[in-house]
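For reference, the structure discussed in these notes is given below.
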Amino acid sequence: MNADIIIKGVVVLKLRPVLSILAFFSLYNIFVYYLGWNVWIWASTALNWEHPILYSLIVAIVAYSYILGRLMKVLSFLSILGSYWFAVVQYGLLLFPVANLTVFLLKWSPLSEEAAIIWTGNVTLIIFMLLMALGTFNAYSPVIRSYEISIPKNVINHKELKIAVASDMHFGKLSGRAHVSRLVKIVKSMNPDLILLPGDIIDDDPKQFVRKQMGEILKNMHAPMGMYGVLGNHEYYGREIPAFLEEMNKLDIRILMDEVIKVEDSFYLVGRKDKTDSRRRSIKELVENLDHNLPIIAMDHQPTQLKEAEESGIDIILSGHTHRGQMMPNHLITKRMFELDWGYLKKNSLHAIVSSGFGFWGPPIRIGSRSEVVELKVSFLQED
């Protein structure tokens, strides 16, 4: 009896991931059908398109282009198309129900059904194009986000400190050489004392970063106190961390992996592994033996442990990961997921800053968010 229960339990556990995947793809295919059907109704009415089989094949390829591009090297260009498709799905699911309701209501107007479909479809297409244009501008036109904070600790060597912070660059196919150049130009204009990169520097694995020789541009970025970074979840997804570390080492970017260093005997810099690594050390373990009379600045890619950082005596914690939802209304989700999903928060003596990121994941589209570099000016209490 007990053996039967155990065997059934094991079978259920093994089937659960499979059932979850099947449920996801079933729901996804329903969405694809709905989006494809709406476009077909407009295209066949406005453009007299009469090839449903060819159209269905095109929709199927586009809908699975991201997966095809990732699985087959010869079709890698499709992953770019697939990235944009994510934006089409999101805003299609938001706009098409409104379009359907509009066509339904126009049945009681003087317009014919055909005219209602054409005009509604045209307006929806214009809105789509405006959203994509605005989103592309926001993604590729980064801004400097400035914060000024004061730490009531004595630092003999420095009255103040200027830090440039850039997270979530996702350097790869779409966040390419031109975007690297933008980062270098912006950071140079800030003339920082220290450069910090809190995770997701590359998009999964470093192959595109190396192939496009992005390091040749990034190496022009310098700061007197050095450049430091931490791992983000995407560095783990790529499963090429040793190769990534090697590339960063060539650029004099030191990646801190559950490490603490003292910078110029003035302050501590703490770098955590990403939350993806279940074996990473706790914040308390990392800082408990430090001299808390000195400022402690930490980088933690995902802003999930602000309370622990506060209780452990950290003064500044810098994070990214959220992208501020990247495409609205996703920011409503990230607001619920994180105590701080973007911007600045003071928790007693802790100053927490979460960047919306310099790059993007998936489509190079930002709506309701903006690519940014954080300029952090820190002043310290001086000894008499």
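With a 1.4 Å probe and all protein chains kept in place, how do 56, 379, 319 rank by accessible area, largest first? Numbers along the way, then the final one.
On the way: 56 70, 379 40, 319 5 Å².
Per-residue accessible area, sorted high to low, gives 56, 379, 319.
Given C-alpha coordinates of segment 91-226, what is the ratio Rg to Rh with the Kirkwood estimate of Rh?
1.24
Classify segment 162-309 as rounded, prolate or oblate from the Cα gyration tensor: take a ≥ b ≥ c as the square roots of its eigenvalues, call it rounded if a/c is under 1.5, otherwise prolate when a/b beats b/c and oblate if not.
Note, shape of segment 162-309 comes out oblate.
Largest first, how would 150, 355 line up by accessible area (1.4 Å probe)?
Details: 150 70, 355 0 Å².
Final ranking, largest accessible area leading: 150, 355.
Could you work out the relative contact order of the chain, using alpha carbon pairs under 8 angstrom and six or more residues apart, expressed as a whole percent?
Details: 707 pairs, mean separation 78.1, N = 384.
RCO, the chain: 20 percent.
How large is the Kirkwood hydrodynamic radius of segment 156-213, counting all unique pairs of alpha carbons, in Å?
Values: mean 1/r = 0.0794 Å⁻¹.
Mean inverse Cα-Cα distance, inverted, gives 12.6 Å.
State which helices in the chain qualify, where a helix is a whole DSSP H run, it must extend 30 Å or more along its own axis by its Cα atoms, and its mean Kyte-Doolittle hydropathy must be at least -1.0.
2-46, 78-105, 113-140
When the label point is put 7 Å from the Cα of residue 80 along its Cα-to-beta-carbon vector, which residues of segment 197-214 have a backbone N closer than 17 Å?
203, 207-214
Once the convex hull of the C-alpha atoms of segment 235-384 is built, how many Å³ does it hold per residue, rounded to a whole number?
Spelled out: Cα convex hull of segment 235-384, divided by residues, is 140 Å³.
If a/c stays under 1.5 just call it rounded; otherwise compare a/b with b/c (prolate if a/b is bigger, oblate if not). Do that for segment 27-103, with a ≥ b ≥ c from the square roots of the Cα gyration tensor eigenvalues.
Because a/c hits 1.5 or more and a/b fails to exceed b/c, segment 27-103 counts as oblate.
Could you please put 292, 170, 222 in sequence from largest to smallest accessible area, using a 1.4 Å probe? Write out the running numbers ahead of the final one.
Numbers: 292 70, 170 5, 222 130 Å².
Ranked list, largest accessible area first: 222, 292, 170.
How far is it, in nm, from the label point at residue 332 to the one at residue 49 when both lie 7 Å from their Cα along the line to the Cβ?
Going from the residue 332 label point to the residue 49 one covers 3.0 nm.
Just add up the charged neighbours of residue 347: K/R +1, D/E -1, any other residue whose Cβ is under 13 Å from the Cβ of residue 347. It would help to have the intermediate numbers written out before the result.
Details: positive: 307, 346; negative: 308, 310, 311, 315, 339.
After counting each charged neighbour, the total is -3.
Would you mind calculating the relative contact order of segment 102-249 from Cα pairs under 8 angstrom and at least 6 residues apart, reporting the percent as a whole number?
21 percent
With every protein chain present, what accessible area does residue 370 have (1.4 Å probe, heavy atoms only), rounded to the nearest 10 Å²?
Around 70 Å² of this residue is reachable by solvent.
Please work out the average accessible area per residue across segment 74-232, using the 1.4 Å probe convention, and give it in Å².
Averaged over the residues of segment 74-232, the accessible area is 48 Å².
Using a Gaussian network for the chain with springs between C-alpha atoms less than 10 Å apart, which of these wobbles most: 122, 29, 289?
Residue with maximal mean-square fluctuation among 122, 29, 289: 289.
Just to be sure I understand: if I project the alpha-carbon convex hull of segment 321-384 onto a plane and average over all orientations, what area do I get in nm²?
Details: hull surface 21.5 nm².
Projected over every direction and averaged, the Cα hull of segment 321-384 covers 5.4 nm².
Could you name the lysines whose alpha carbon sits less than 29 Å from that of residue 347, not counting residues in the same chain fewer than 8 places away?
153, 159, 162, 262, 273, 275, 284, 307, 335, 377
From zero outward in steps of 5 Å, how is the percent of C-alpha pairs of segment 167-249 spread across the bins?
3, 15, 28, 28, 18, 7, 1
Give the dimensionless ratio obtained when the Cα radius of gyration of the chain is divided by 2.2 N^0.38 Å. Before the final figure, lay out each step's value.
Values: Rg = 24.7 Å, N = 384, 2.2 N^0.38 = 21.1 Å.
Rounded to two decimals, the normalised Rg is 1.17.
Answer rounded, prolate or oblate for segment 231-308, using the Cα gyration tensor with square roots of eigenvalues a ≥ b ≥ c: rounded when a/c is under 1.5, else prolate when a/b is larger than b/c, else oblate. The partial results should precede the final answer.
Values: a/c = 2.59, a/b = 1.35, b/c = 1.91.
Here segment 231-308 falls in the oblate category.
I'd like the GluC sites (Glu not before Pro) in segment 32-118 restricted to DSSP loop residues with at most 10 other Cβ atoms within 10 Å, sorted by number.
50
Using the Cα centre of the chain as the reference point, and only Cβ charges (+1 on K/R, -1 on D/E), how large is the resulting charge dipole? Debye, rounded to the nearest 20.
So the magnitude is around 760 debye.
The values are calculated or read from the model by the stated rules, or taken from the named source; none is laboratory data. Keep in mind it's a predicted model, so treat the numbers as computed, not measured. Quick reminder, even Gly has a Cβ in these numbers, built from the backbone with ideal geometry, and neighbours come from all protein chains shown. The area values use the complete protein model at the heavy-atom level, side chains included, leaving out ligands, DNA and RNA. Shrake-Rupley method; radii C 1.70, N 1.55, O 1.52, S 1.80 Å.
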